[in-house]
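Inspection log for the structure reproduced underneath, given as structure tokens.
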Amino acid sequence: MIKADELLAHAPGKAFIADTGYDSDRFRKAIRDQKKRAVIGSKPERPRKLPKSRHLYGKRYLVECFFHSLKRFRAVATRFEKTARNFLALTQVACTWLWLAPN
């Protein structure tokens, strides 16, 4: 969970929203130590499910759905463009397409 600690160090806000992969007692304590609210789904092997804000966890689901939509663009999903500049441009075009496309 070294990368998770690094991610937490750079995460602004009052809550840390993550999926069940980040569910550990040590990581939840690190979140509390930074005076943030942990909004993390409990792993199935936990004997007692920990409470989470359904409203905030729903925001995580929206972001997950957006990335799913973004990966429908084959060139983005396979990182067709090798340079960072071109990949960023392609990702921005794909995001603009999703933003302007009718549902």
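Every number here is computed from the coordinates shown, using simple stated rules; none is lab data. Since we're looking at a predicted model, the values are computed, not measured. Using ideal geometry, Cβ is built from the backbone for each residue, glycine included, and neighbour counts are taken over all protein chains shown.
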*Have a look at R32, R79, R85 and point out the one that is loosely packed, with under 10 Cβ neighbours inside 10 Å and not small (G, A, S).*
R85
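Given the options F80, F73, F67, name the one that is closer than 27 Å to W99 by Cα and under 14 Å from the mean Cα position of the chain (by Cα).
Details: F80 fails: under 14 Å from the mean Cα position of the chain (by Cα); F73 fails: under 14 Å from the mean Cα position of the chain (by Cα).
Being closer than 27 Å to W99 by Cα and under 14 Å from the mean Cα position of the chain (by Cα) holds for just one of F80, F73, F67, which is F67.
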*Would you mention how many residues in region 14-69 are touching a strand residue (DSSP E or B) at 6+ places or on another chain (Cβ under 7 Å), part of a loop (DSSP other than H, G, I, E, B) and of a type in the set (K, R)?*
3
